[in-house]
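Scroll down for the structure; my scribbles are underneath it.
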Amino acid sequence: MKHFGAKISLILLTFILLSSCNAVKRVEDDERLLTDNTILVNGEKIKEKRIYNQLYQEPNTTFLGLPLQLYFYNLAKPSPDSLFQHWLTKEPQRKERLADLLSEKQVVRLGNIYVNINEWIKETGEPPAVIDSSLAQRSADRLKAWYWNNGWFNTETGYEIIPTKKKRAKVNYFVTPKEPYIVDSITTRIASIVADSIYEAHKANSLIVPGQQYRTEDYGTERERLTSLFRNNGLYYFEQENLSFEADTINTDHKVNTAVIIQNRQATVNGTATRIPYKVHKISRVNIFPDYTFENRNDPVTDTASREGYHIYSFGKLKYRPRALTDAIFITPNNIYSDEQRSLTYNRLNQLRIFKYPNIQYMEDPADSTGTDLIANVFLTARQRYSLGFEFDISQSNIQKFGIGFGGSLLIRNVFRGAEILEISARGSIGSSKDAANDTDRFFDITEVGVDMDLTLPRIFFPVSTESFIPKYMYPFTTFSLGASTQTNIGLDKQSLTAVMNYRWLPSETLTHLLDLVNIQYVRNLNIPNYFNVYRNSYQELNDIATAENVVTNEGYFVINEDGGRNLIIPEGANAFLRDARIGEVENLTNSQVQNLNDIRERKNRLTEDNLIFASNFSYILNKKENIYDEDFSRLRVKVETAGNFLSMVSKVANLDQNEDGKYNLFGVNFSQYAKTEIDYIKHWDLGRKNIFAIRTFGGIAIPYGNSNSIPFIRSFFAGGPNDNRAWQPYSLGPGSSGGRNEFNEANMKIALSAEYRFNLFGDLNSAVFVDAGNIWNALDVVEEEASTFTSLQDLEELAIGTGVGLRYDFDFFVLRFDVGFKTYDPARPEGSRWFRDYNLPNAVYNVGINYPF
């Protein structure tokens, strides 16, 4: 109670200190601080963000009702240079004493530091939003323009500044829209017969629709649509300025009669400026220069090739197969000119990572007397064939207290003359554990070494053509990956081999498809006898059962401690006790103890068994984010994976023998067989002024069948951590209400929900408040413990809830994140005492991460 009172007092004191800050400290006597804007339309207050965005002045940003950025700004001194000089000369001989102590140069530097600190405070904070009547009038005029652009041509606007208290005021804006104007007839005045025919063929797609309210934006987007339409249908010389609209509203009873006006293009003929009709241009020839540079631009061509109407010219020996180049070019000979084809070509060439500075130029074909044929020249400058990369990092995790990672990579471009990229990388790490299982004196007791090789082809590699359903405008890639690693650590030590054949293609700008046709992973455990040294909780639970008063077993399995207690010998005694219990040679075990031993045995078998996973998976990714600065978007990822079906079919066809459990064994390993699916949805809302509300929902389940009764550890789900439920450490949450009693808790079903409100504190420092909910469960697998399994919708009551706050500092190229999570609802506690029982700093979880969690 004493600590609780101290916390309440601290909170109240902080609140009083913040509340006592004088927001109008930097506001002059004849000025007023803007506290609120209100827009009244026909006398009624509105709340539409898009209309409030028209105002030129907004109140200072607040957090919990307090203008923290303004308070921070007010900490700065108005004239720091003068203040420092005044302080320096206020006391006799102060300047001389400081000069003797520091030197005159250091005194000057001290003054500069004082000035710079105050300038930084000003730049980081937010100056007071002092009401400016001229800006208020401009805001009223802008509101009038906004309503005019949305069809209310006779809108009247005004404003009123209303004082509230000392040096503070709010502004009310008054809007009277009157009757809106409606789009009525649409006519055309198109001088070019060719342009008129293209317009008529596509006028059904017009964004100016009779019967709808007038919007200036519709006319702007229609102008862009028509420009794109003409330039993608052969009108190479069409320019947007030759297209205009005429809107007639005179005596029309609030109707807008629209005329679409397209003039012929301007040109110079025989030295005279004139206008000539548009023509439909076609591509007569495509020339590709794959090794063009500024230095060799005047050199003679020494090597040529042709393919399907494309002509390739090289200044040296041609280093590319013709198909590798033509597949990346969407400008097609004998087709009409299209801007879209040029954009697709630029995008594809940049994706290849083979060339830099692609340049496409068009010229009229001198051999064509009609003036409609164009020659497309594609100039490509090759990147360096070889690239080296190195990386180094320092890390910390729940497994190691200190780790050093290092690696290097070699990238080879155009390795087989088909615009392929081969990347060979090696990685290694050493670390120091913090686990009692390590009984050596070595500081670095964790090591990992790995080698990976990726070969990327700019096409779908398949025995039959896929062009009919994955055309080249979907930017297809095929990647072959091979990897091997060996790991020696505080755990079981592992060797792993991976082989992946992946396809990637983009049906649209927002949609990505990923297909792992083959995804093979083999994992071998090297130090199985160390199991009970690593998983100490399992060992302790096993030892408690073995040393229980009712249990009768072989005393040779134990070692006697100094205090007279007994401990099972690792690994011999622990493994022998488990074996004896399974075959019935341990006496007087209760049903509960038998069940617990079965759980321990099952978990040990699953975590120590070698894994052979032969899987295929498909991912559907719909990402509406337009660029890295877009904060109003959604992202949906759906992944489906199956494993073991091919190996199961081969085993049956080959009539392989099954073991005593009815499982097939390949290369000494029971291969895994399961079906797995994941759904991940993220949505961001931009609330303006650096305020973002973001949510994430995730659901996943992996169901074993056939040759498996459980999911491999490396394919299971876990909960907790900096990108999950931040009130729990990684692997410490769940399954269900079991309490996370194991060191690495995992299961085959997961639900995760998160919501986060992000806001700016000052400068590049941002903050967030968040709520995370979720858990993992076992479902339809070998685990039978009721607390860990999901059997009905009632188990959703075991969703753990964590809440917290965080700080984020934006370094432009990445965001450094610090979060504090509190256990708000803990399903591991008894029912009736799950809410707010550990909601305090001693039980908080602190997370450090890079970039946002979702």
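Before moving on, here are some points about what is shown:
- Seen from a random direction on average, the alpha-carbon convex hull of segment 134-193 projects onto 6.5 square nanometres.
- Cα-based Rg of segment 446-527 normalised by 2.2 N^0.38 Å, two decimals: 1.45
- Against the empirical 2.2 N^0.38 Å (N residues), the chain has a Cα radius of gyration ratio of 1.25.
- Net charge over other residues, Cβ less than 13 angstrom from the Cβ of Ile375 (K, R count +1; D, E count -1): -2
- Scattering curve values for segment 528-608, log₁₀ I(q)/I(0), Debye with Cα scatterers, q = 0.11, 0.16, 0.22 Å⁻¹: -0.25, -0.54, -1.05
- Charged neighbours of Ile193, selected by a Cβ distance under 15 Å, balance to +2 (K, R count +1; D, E count -1).
- On Cα atoms only, tilt of 591-608 relative to the major axis of the chain in degrees: 60
- Relative to the longest principal axis of the Cα atoms of the chain, the long axis of helix 133-149 lies at roughly 80 degrees.
- Kirkwood hydrodynamic radius of segment 597-739, Cα pairs, Å: 18.2
- Within the shell defined by Cβ-Cβ distances under 15 Å, the residues around Lys170 carry a net charge of +1, with Lys and Arg each +1 and Asp and Glu each -1.
- The three principal axes of the C-alpha atoms in segment 612-854 carry coordinate ranges of 69, 46, 29 Å, sorted with the longest axis first.
- Rg over Rh [alpha-carbon atoms, Kirkwood Rh] for segment 475-579: 1.32
- Rh by Kirkwood over Cα pairs, then Stokes-Einstein D for segment 182-276 at 0.692 mPa s and 37 °C, µm²/s: 229
- A convex hull fitted around the alpha carbon atoms of segment 235-325 yields 215 Å³ per residue.
Every read-out reported here was derived from the displayed coordinates using simple, explicitly stated rules and does not represent laboratory data. Here the structure is a predicted model, which is why all the values come from computation and not from measurement. Positions of Cβ are backbone-derived with ideal geometry, glycine not excepted, and every protein chain shown enters the neighbour counts.
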